[in-house]
Every structure is written in structure tokens, then in C-alpha cells.
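Since the structure comes first, as C-alpha cells, the remarks are kept for the end.
The values are calculated or read from the model by the stated rules, or taken from the named source; none is laboratory data. What you see is a predicted model, and the numbers here were worked out from it, not measured in a lab. Please note: Cβ atoms are built from the backbone with ideal geometry, for glycine as well, and neighbour counts cover all protein chains shown.
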Amino acid sequence: MKKYIFILGFLSSFGFANEALLKDCESGNAKSCHNLGVEYYEKKDFTNAFKFFEKGCEARASKSCFAISEMYHNGEGVTKSTQKAIIYIEKACDESDDPQNCDKMDRY
């Protein structure tokens, strides 16, 4: 019984975390949008992952731009497109101080 209550508590706290992230994302917090995208991506809900990565990318989160690039490169939830993958990896490179994002452009 205690295990069941613990699991319910854990799941409900996860729901509140999503609500908090959603609220932060809607208020323009790019990191929260990216984190929501990651959560949906890990659940293989690529439609919602793309939606939140797109919001993050528009708010200048380079990791979100890179994630969209990978989704286009792999055809995950979107039609596979090298051209669109390149567009988003360029955005990731432009928005980041991390040279690794720019180095990854070579694979396309």
C-alpha cells in the first residue's frame, strides 16, 4: 500500500512539474520550452516535442534548434529533410557559444 501511495505521489508531482514548465514556457522561458520538448521526445511524442522545441528555438535556445535539426535529419515526427536539418543546425550554431553545434554541421 505504501508503495502504491508513493508511486501516486511521484506521478502527481511529475504532473505539477509539467504544469510549471508549461507556465514558464508560455511566459517566454526558452529553457522550460526546451525541457518540455525533451520530456515529450523521450516519450516518443514527436508532435508535441517538435512544438516545444520550436518555441524554444524561436526564443533563441540553441539546444532546441539542434533538437529540431536532429528530428529532420532522422525523420522523427517530421518528413526527413536534409535541407531543413541544415537550416536548424545553422540556427543552433548562430545562437550558441558552443562550437560543437557548429562542428555538427559537417555531418549533413
Next on the checklist: Restricting to region 78-87, give me the number of residues that are at pLDDT below 95 and in contact with a helix residue (DSSP H, G or I) (Cβ under 6 Å, 6 or more places away or on another chain).
Outcome noted: 1
Item to check | Check on A49, outside any loop (DSSP other than H, G, I, E, B) and at pLDDT 95 or above | outcome: yes
Checklist entry - Does D97 fit the bill of being surrounded by fewer than 20 Cβ atoms within 10 Å (Cβ to Cβ), at pLDDT below 85 and outside any helix (DSSP H, G or I)? => result yes
Checklist outcome for this item: Over region 43-64, the set of residues within 18 Å of E95 (Cα to Cα), surrounded by 15 or more Cβ atoms within 10 Å (Cβ to Cβ), more than 8 Å from the chain's Cα centre (by Cα) and not hydroxyl-bearing (S, T, Y) is K55, C57, A59, A61
Checklist entry - When you go through (1) modelled with pLDDT under 95; (2) of a type in the set (S, T, Y); (3) surrounded by 14 or more Cβ atoms within 10 Å (Cβ to Cβ) one by one for Y72, which number turns out not to apply? => result (1)
